[in-house]
Every structure is written in C-alpha cells, then in structure tokens.
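A short write-up of the structure that comes next.
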Amino acid sequence: MRIALVHDWLTGMRGGERVLDEIAGLYPDADLYTLVHVPGSTSERIEARHIETSPLSKLPGVRRYYRVLLPLFPWAIRRFDLSGYDLVISCSHAVAKSVRTGPNTLHLCYCLTPMRYIWDQIDAYLGHGLLRSISAPLVSYLRRFDQRHSGAAAVTKFVATSTAVQNRIRRHYDREASIVFPPVDVDAYEVRSTSADTSTDAPYLLVGGFVPYKAEALAIEAFRNSSRTLLVVGDGPTRRELERAAPSNVRFLGHVGNNELRGLYADCRALIYPQEEDFGIIAVEAQAAGRPVIAFGQGGARDTVCDFRSNASPTGIYFDEPTPASLRAALNDFEANENAFDPKYIREWAQKFGKLRFCKNFQREVDKILELRNRL
C-alpha cells in the first residue's frame, strides 16, 4: 500500500506532533504532507522522512507568522493531490483533513479537534468586539470549507482524541467517531512521594501555553492573597503581561527542559489545570508522576481525571465554573481531603494513556477501514 500522512504544520514539538511521531513510527515508509515545515523543529522520526510542503512554507521567515496566513490555508491544503495513495492518515486540528484524495483512497482522520478558533473557542480567540465583527466573513467561509470536506466522500472514518472531541465532530460535521486517546510517555515519569499526604509546603504547579484558552490568568487570580505557592512553567504571547500583574506567591519559571519538568511534576502538591482542553497531555503527565490534578471539569479532563466526588479512587478534583472563586473552592476541598489521593493509584490510572496502548488501538482503527475496502 501507498500511505500518506498529513499534518497541519511542523513548527515545534507540541501535543499534535507527539501524536504524529507515534503514527510515523507505525508507518515508517509513508510520505508526509504539511502546510509549513521548519526543518529540525520536530522529532528525528518525523524529520527523517520525505516531507512535502505547500507554497506557504517557502515564504521568508514564515515560522514567525504562519498563523496569520489562516485565510490561505484552504487554498494551500487543496494544492496537495493525494489521489494516488491507497491510504491517507490526517492528524488534523485545522485543515489537514481537507486534503484532496481520490475515489479509491481511504482516508482516516485522527481529529485532534475541529478548528477551535472557528467553532467552540471562537470567543477566546476573537472576543465579542471589533475583531469578531471584522472576522465574521472569514469565519463563515472557513466553517463552510470545514464542513464541505468532512463528509463521507472526503473522510472515510473519523477517530477522536476524547469524548469532548467526539461530541464536537458529531455536532459540527454530523459524523460519528471512535475514540483513541493520544499517546503519553508515561514511562518517562516517576513517583517520588508514595505518601498520600504531601507536605503543605510543596508548591502547586501550572504548565502554561500562554494563549487565550489556556486560562493562566484565572489560576493566577485564584492564588492572589493566598499563602499557597504556585510555580508557573512555560512561555507564550501573554506571559509577560501576566507576570507583571501576578502576586509574589506566583513564580514564573519560563521554559524548562524535560528533566526539570519531570522533577517539578514529581515534587508539586498538585497540578493546576484551569483550561478546557481537547484531551490534555499535561494532566496525564502529572498523574504519571503520581500527582493529583485540580482541573476545570470540562473537555478532555472528563476522560483523564477521576474526580474526588464521584470516584472511590480519585486522581484529582474538578472545579465547575471557569472562575477564580470556583478554583479556590476546589483547592480548599482538595486540601481538606488530601489523604484520599494515592500516588500509586494515580500513576496506575495514567498508564492507560501510554504509547503502546495508543499504537495498538490506533492500528485497530486503521485495520477496520482496510477491512471495509476489502469487502467492497
């Protein structure tokens, strides 16, 4: 079989690229298509294969501004003609799934999420003011394009990363999807504290991306006028503004290496997870280190975190409203019941999201559509 992989862009090693890396390992001879590729920005396994890029990738300095080229993404992705392939696997959170295929090409879309900035998180990205009004024609166009290339003639089968994404696929595309949880390198983390009752001096941890939907500001406000310590890891567009306004008990560490991050996970009192994620690899990483997660109870956290109030063996606790007050209430509940969280069980729970299980379950979904073709 001739197999092609499609990914929206290759400009860094984030959650989507980690997924692609595992898929690439399953299909080492597959060609790879993407809108923009910054050489050396992803894993060795991805960089080693034949990569075809769109004309957008040839623009000078495109790494710095590729996201503003969003209006050109539909044109660029449709320039790829993959009708000569037997199987196309798209790993999509924007337009990758809209690539051209032939009538005899099977297309499995591993949907990280439907485009969040035109669907479920449009408020976070565009707000309700002038930018939203100016963007309305573009949003309408992108929605029509997105739906037009999501039917059965374009995508043979959808596979979702979580229950939340499965529901979005049903709502926006009127398609059903299986669920295969993304791969997390749980073996890279270790449990340092086997005690359920962690020292009250241990800091809480927030790993941020500093883009609108990550909700770092909410978490920082929840720690204002508090004796608790919050360590904030990561960098991004809104970091400097948030750091200037943060209270003294909130410390910003910036970007840290993988080894340091593993240590921060293992030594924290709990991970603060204030955003609504499609799946949420960071929450699973913290649990792989045996640490509880205090999470906003929507999106992928509903799959990855076992809430204290509804599970005999909890791995975290939800807060119900996206407000500092709701998070503070969850912190109080957590600290009042801290001995209910068993680090060994928390790690055992996280292991269900490991790489080997992903590869096995993903290959099963590919086999299903190959069997479908064999029956035709």
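Read-outs throughout are calculated quantities, based only on the coordinates presented, and are distinct from any laboratory measurement. Computed from a predicted model, the values in this text were never measured in an experiment. We place every Cβ from the backbone using ideal geometry, glycine too, and count neighbours over all the protein chains shown.
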**Q.** Degrees between helix 258-267 axis and first principal axis of the chain (Cα, 0 to 90, nearest 10)
**A.** 40
Q.
What's the ranking of 151-162, 288-299, 123-134 by average number of surrounding C-beta atoms within 10 Å, highest first?
A. 288-299, 151-162, 123-134
Q) Name the chymotrypsin sites (Phe, Trp or Tyr not before Pro) in segment 1-69 that are in a loop by DSSP and that have at most 16 other C-beta atoms within 10 Å, would you? A) Tyr65
Q) Exactly which trypsin sites (Lys or Arg not before Pro) in segment 10-58 are in a DSSP loop and have at most 16 other Cβ atoms within 10 Å? A) Arg14, Arg49
Q | Unit charges at the beta carbon, dipole of the chain: most positive-side option, Ala289, Pro60, Gly254 | A | Pro60
Q. How many nm is it between the label spots at Thr163 and Tyr141, if each spot is 7 Å from the Cα in line with the beta carbon?
A. 3.8
Q.
If R₀ is 35 angstrom, what is the calculated FRET efficiency for the pair Asp123 and Thr200, using the beta carbon separation as r and rounding to 0.05?
A. 0.40
Q: Scan around Phe279 for amide H atoms under 5 Å from its own, H built in the peptide plane at 1.01 Å from N, and keep only partners 5 or more places away or cross-chain.
A: Gly300
Q: Please work out the FRET efficiency for the pair Ala153 and Asn259, using the Cβ-Cβ distance as r and a Förster radius of 45 Å; give the result to the nearest 0.05.
A: 0.40
Q | Net charge of Cβ neighbours under 14 Å - reference Arg67; Lys, Arg +1; Asp, Glu -1 | A | +3
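Which trypsin sites (Lys or Arg not before Pro) does segment 171-265 hold that lie in a coil by DSSP with at most 12 other beta carbons within 10 Å?
none
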Q) Which value in nm describes the separation of the simple spin-label points at Arg373 and Ser248, placed 7 Å from the Cα toward the beta carbon? A) 6.5
Q: Specify the inter-centroid distance of segment 98-116 and segment 219-244, based on alpha-carbon positions, in whole Å.
A: 38
Q: Do me a favour and compute the ellipsoid semi-axes for segment 186-353 from its Cα gyration tensor, root of five times each eigenvalue, largest one first, whole Å.
A: 22, 17, 16
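Once the other residues with Cβ under 10 Å from the Cβ of Gly300 are scored (Lys, Arg +1; Asp, Glu -1), what is the net sum?
With Lys, Arg at +1 and Asp, Glu at -1, the net is -3.
Can you put Lys360, Lys368 in order, fewest other beta carbons within 10 Å first?
With the sparsest Cβ surroundings first, the list reads Lys360, Lys368.
Find out how many positive minus negative residues lie around Thr11, taking Lys and Arg as positive, Asp and Glu as negative, among other residues whose Cβ is under 11 Å from that of Thr11.
Neighbourhood net charge equals +2.
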Q: Estimate the FRET efficiency between Asn332 and Gln298 by the formula 1/(1 + (r/R0)^6), using the beta-carbon distance for r and 25 Å for R0, to the nearest 0.05.
A: 0.75
